[in-house]
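To start, the structure itself, in structure tokens.
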DNA sequence: ACAATCAATAAGGAAATTTTATTGATGCTG
DNA sequence: CAGCATCAATAAAATTTCCTTATTGATTGT
């Protein structure tokens, strides 16, 4: 007689299976999840089936056309996420330097990823000996601070040379379209701003009626103006907020911008490179942003 | 080119490997861990080796005669424990009933396992719709409450019929031995107490000088008396505390007692049975107690 | 020095998982 | 309503992974 039955509450599955599971939950489809985790659809199907059999619970309600989580599925997937989170943090932390250290990160405010605070908290947890500073601001200002030796790494758009491209950030039109036959009112950041020129040249390329109605000096000001319904603007995907509506189709196609990392020319800071790798890895995981 | 290198902080290992890992950490030896998890020594060796290779970090410092965790090992094993904890809790929670419910547990105070509060907290977390009551007391009192319908399950020694044996609890002598040529002073609970009679018959079986110096009315009183150095007593393993010293060898061998679960004769309470299974499973995992 | 114990390793075999290919079911479109 | 496309389940073969047996080298205790 085996003792398999002695451990009714013990789970011995592969973390790969849990990754597939959350992939299914996120993508809402076995096939899409399969592609995401780099396996076949049938592999996913079998993995989930086996897991469900082990748990003796259906995790998804699925017909061939729709897929939704059962209530048990919701609970279990919640745990799966936490487990994977811990597992990845564990990997991060074993390779952490053990000496006391300090990392000063600059982030262009209009490019701050949705969950940056979560990523920072995790990084801090996995690097207990590291003091983290986060400075938000305009790209140009941050790069000046970097040159002055007051930052260790800066994440910003393609505003200077020497940066290393990390991911592509889609630009989107958003805000309120004016009533028909009224000119389009643009809300833009003041110079120097790469999006400002992108917006202007995009509008110049099409023969429509437009004007610049508001020039703001911070991304928050732009966001406020958009929310107030004062016109349309372009924002990087990261800078979108709940109550900002995206405009699709009507206005000219926009290019994607790049997010780059900038390091000081002189000395090596291994922790800074580590932070870049880390962030890249987690943003990729989140799936919110597409790596170039 | 594969994209394996794209995910430097992603761990895709089997939970079995993590269980082996913490087993090695707990047992202090690959061979012992192998036996604990029901595999070969070489399997463990390979599992750990592969994990270390994946992490690019040594988890244990090992010569053929000694084994200790590296500092990275300590960190990673900490994560592994948390991961397994979560995984097992996940299994527990998917099979949890979803209706609002209530569970009143009685525990004989002299048998409370070391980490009961942790187990209770976990059970509560995995059963958010369940209200838990915990009553500690003497076994006889608890069984009366059970009969009166005021408890759903009682854990106690073999004080009544109808219990189901769960695990064996070793009895140990503890306290201060008297100076030589002085009579042995016993600290005992007042009647009815099964340990009292066990102690007395154990002493009667050997021809030594002894007397009952203190009769206490609670396990706390016995523990206090022992700590005060007022004599020797017998305690179930669970009731030992940091500052109570065990006496080995000198005094007569003691039998083990059993811990049993008691359920009301009448109606079925599935949650109570579930709690019993759960506790059994976790105490087994902890390794603190041996299942009968 | 010898026996005992422990972990590492090699090699073969066993078991699990993945893939390819197919089927059945469902919704969409013309 | 038929045909098409999409999705998940399944079967069977193939691959990979993992585990076991057997052995070696190293270390400690007697």
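For the range A:171-255, pairs of C-alpha atoms spaced more than 20 angstrom apart make up 22 percent of the total.
Would you mind classifying the range A:128-285 by shape? Square roots of the alpha carbon gyration tensor eigenvalues, ordered a ≥ b ≥ c; an a/c under 1.5 is rounded, otherwise it is prolate if a/b is larger than b/c and oblate if not.
Since a/c reaches 1.5 and a/b is larger than b/c, the shape of the range A:128-285 is classed as prolate.
Kindly identify the protein assembly as shown as rounded, prolate or oblate by the Cα gyration tensor criterion: order the square roots of the eigenvalues as a ≥ b ≥ c, call it rounded if a/c is under 1.5, otherwise compare a/b with b/c, prolate if a/b is larger, else oblate. Prolate, since a/c reaches 1.5 and a/b exceeds b/c. With contributions of -39500 (n - 2.57) from each DSSP H run of at least four residues, the per-residue ellipticity at 222 nm computed over chain A stands at -13000 deg cm²/dmol. With contacts taken as Cα pairs under 8 Å and at least 6 residues apart, the range B:92-147 reaches a relative contact order of 50 percent.
Our summary gives chain B a relative contact order of 18 percent, counting only alpha carbon pairs under 8 angstrom and 6 or more residues apart.
Cβ crowding within 10 Å ranks B:203, B:189, A:102 as A:102, B:203, B:189, fewest other Cβ atoms first.
Based on C-alpha pairs under 8 angstrom that are at least 6 apart in sequence, the range B:171-255 has a relative contact order of 49 percent. Across the identical copies, the 7 Å label point of residue A:42, projected outward along Cα→Cβ, sits 3.4 nm from its counterparts, in ascending order. Partner chain Cβ atoms within 10 Å, averaged over the residues of B:68-80 - can you pull that number for me? Per-residue shielding by partner chains comes out at 3. Within 10 Å of the Cβ of each residue in A:81-87, the mean number of Cβ atoms contributed by other protein chains is 6. A Förster radius of 60 Å combined with the Cβ-Cβ distance from residue B:148 to residue A:147 puts the calculated FRET efficiency at roughly 0.15.
Once the chain from residue A:32 to residue A:208 is taken as fully extended at 0.36 nm per residue, the excess over their C-alpha distance is 59.4 nm. Per residue of peptide B:93-100, the mean number of Cβ atoms on other chains within 10 Å of the residue Cβ is 4.
Please report the antiparallel percentage of DSSP beta bridges with both residues in the range A:171-255, rounded to the nearest 5.
50
Springs join every pair of Cα atoms under 10 Å in this Gaussian network model of chain B, and among B:44, B:244, B:214 the largest mean-square fluctuation is at B:44. Rounding to the nearest 10 and keeping the result within 0 to 90°, find how far the Cα-based axis of helix B:194-205 lies from the longest principal axis of chain B. Long axis of B:194-205 versus the principal axis of chain B: about 70 degrees. Shown here: the range A:4-94, whose C-alpha atoms stretch 42, 33, 22 Å along the first, second and third principal axes, sorted largest to smallest. From the alpha carbon centroid of the range B:73-141 to that of the range A:56-110 is 24 Å. Note on residue B:176 and residue A:179: their simple-model spin labels are 9.6 nm apart, each label 7 Å out from Cα toward Cβ. Our note on the geometry: Cα centres of the range B:171-234 and the range A:204-265, 81 Å apart. Distances, shortest first, from the label point of residue B:285 to those at the same position in the other copies read 2.2 nm; the point lies 7 Å along Cα to C-beta. Applying 1/(1 + (r/R0)^6) with R0 = 56 Å to the Cβ-Cβ distance of residue B:56 and residue B:266 gives a FRET efficiency near 0.40. With the label put 7 angstrom out from Cα along the Cα-to-Cβ vector, residue A:211 ends up 11.0 nm from the copy partners, going from closest to farthest.
Modelled this way, with points 7 Å down the Cα-to-C-beta line, the labels at residue A:85 and residue B:256 are 4.1 nm from one another.
The alpha carbon gyration tensor of chain A gives principal lengths a ≥ b ≥ c with a/c of 1.5 or higher and a/b no greater than b/c, which makes the shape oblate. The slack between residue A:124 and residue A:101, meaning 0.36 nm per residue of separation minus the straight C-alpha distance, is 7.1 nm.
Bear in mind these aren't lab numbers, they're just calculated from the coordinates by the rules spelled out. Here the structure is a predicted model, which is why all the values come from computation and not from measurement. Virtual Cβ from ideal backbone geometry, glycine too; neighbours counted across all protein chains shown.
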